[in-house]
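The values are calculated or read from the model by the stated rules, or taken from the named source; none is laboratory data. The structure presented is a predicted model; accordingly, all values stated were derived computationally and were not measured. All Cβ positions, even for glycine, are placed from backbone atoms using ideal geometry, and neighbour counts span all protein chains on display. Calculation scope for accessible area: heavy atoms of the full protein, side chains included, ligands and nucleic acids excluded. Shrake-Rupley method; radii C 1.70, N 1.55, O 1.52, S 1.80 Å.
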Amino acid sequence: MDAAKLIHLLFQTTRAISQGVNHILTAHGLYSSEWSMIVALKETGPISQNALAGYLSIEPAAISKTIVKLEDKGFIERKSGQDKREKKVFLTDKA
């Protein structure tokens, strides 16, 4: 099998898995990207937004958008860290 076909099959498989996960998470009002952030916070504990972006290998702007959505849904909250410019992200009891 050539590399292009293998990459295509891998992409199609991961896309199907993501769609299945999103379908299951819909009952909880979540998407897979939001779920992955909740799982990361459960594993790491409270963490800065920049550190979370690095941990998940996601651009900081995308992290910010997802954090706002999860805050609105009541799954996470942000609190000031030791440095007032830095916000730590915490899971709520709902998460």
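Step by step: first the residues of the range 27-46, then only those that are of a type in the set (S, T, N, Q) and modelled with pLDDT of 90 or more, then the one that is farthest from K65 (Cα to Cα). Which residue is that? Here the answer is T44.
If I76 passes every condition in (1) among the aliphatic types (A, V, I, L, M); (2) without any contact (Cβ under 8 Å) to a residue 24 or more places away in the chain; (3) in contact with a Phe, Trp or Tyr (Cβ under 8 Å, 6 or more places away or on another chain) but one, which one does it miss? Unmet for I76, out of (1) among the aliphatic types (A, V, I, L, M); (2) without any contact (Cβ under 8 Å) to a residue 24 or more places away in the chain; (3) in contact with a Phe, Trp or Tyr (Cβ under 8 Å, 6 or more places away or on another chain): (2).
Looking only at residues in the range 26-37 that are hydrophobic (A, V, I, L, M, F, W, C) and farther than 14 Å from V89 by Cα, the one that is surrounded by the most Cβ atoms within 10 Å (Cβ to Cβ) is L30.
Restricting to the range 7-24, name every residue that is hydrophobic (A, V, I, L, M, F, W, C) and either open to solvent by 100 Å² or more (accessible area, probe 1.4 Å) or within 20 Å of the chain's Cα centre (by Cα) (or both).
Initial filter on the range 7-24 (hydrophobic (A, V, I, L, M, F, W, C)): 7, 9-11, 16-17, 21, 24.
Matches in the range 7-24: I7, L10, F11, A16, I17, V21, I24.
Note on the range 38-79: residues that are touching a strand residue (DSSP E or B) at 6+ places or on another chain (Cβ under 8 Å) and either aromatic (F, W, Y) or open to solvent by 70 Å² or more (accessible area, probe 1.4 Å) (or both) amount to 7.
Residue pairs whose Cβ atoms lie under 6 Å apart, sitting 6 or more positions apart in sequence or on different chains, and linking a residue in the range 1-28 that is part of a helix (DSSP H, G or I) to a partner that is open to solvent by less than 80 Å² (accessible area, probe 1.4 Å) and not basic (K, R), are S18/S32; V21/S32; N22/S32.
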